[in-house]
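Nothing in this text is a laboratory measurement; each read-out follows from the coordinates by a stated rule. The structure displayed is predicted, hence computed values, not measured ones. So basically every Cβ, Gly included, is an ideal-geometry build from the backbone, and we count neighbours across all protein chains shown.
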Amino acid sequence: TQAINLNFSTRSNGMSKEIDDNSAFDVTCAKLINLGIQLADQQVALIVKIVPKTEIEVDIRLRVCALNNQTLPPSLQLIVWDETENFLKAEARSDDKWIQQEFNGEKGESFYVKVANGDVNITENFVI
């Protein structure tokens with residue numbers, strides 16, 4: 001599986017954005033990844049949002065959302081870990097439309113995201 005590159009410090013070309021240290025607002029990028037998980041006729045998506053803080057540091061928000069105004073399947077999990085095996089985990093409850101995790105990282109670091117529900121799971125690798 002090839003890593004998804006979240007390059008945020010190059011000139012604007014699709015998902016990449018130039019960081020302007022004189023900017024009065026944050027530059028943000030988001031990428032919607034359709035996970036293709038069909039769970040009891042419910043489709044979910046992973047949204048990745050990065051907010052550059054410095055030339056090398058970013059804040060990252062990962063959100064798993066139910067599509068078509070539905071709720072997530074109870075017990076659906078969003079699990080995030082890095083190269084040092086630090087991990088974060090969120091689990092959907094019965095009426096949740098989304099779950100999320102927020103953390104920060106530096107350019108060049110990798111992290112992994114797993115969306116799981118019972119025996120169904122998808123893992124993605126990201127590079128900042």
Work out the FRET efficiency for ILE56 and ARG93 from their Cβ-Cβ distance, taking R0 = 25 Å, and round it to the nearest 0.05.
-> 0.10
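Let me spell out the model: positive unit charges on the Cβ of Lys and Arg, negative unit charges on the Cβ of Asp and Glu, origin at the Cα centre of segment 65-128. What dipole size does that give, in debye rounded to 20?
Using Cβ point charges on Lys, Arg, Asp and Glu, segment 65-128 gives about 240 debye.
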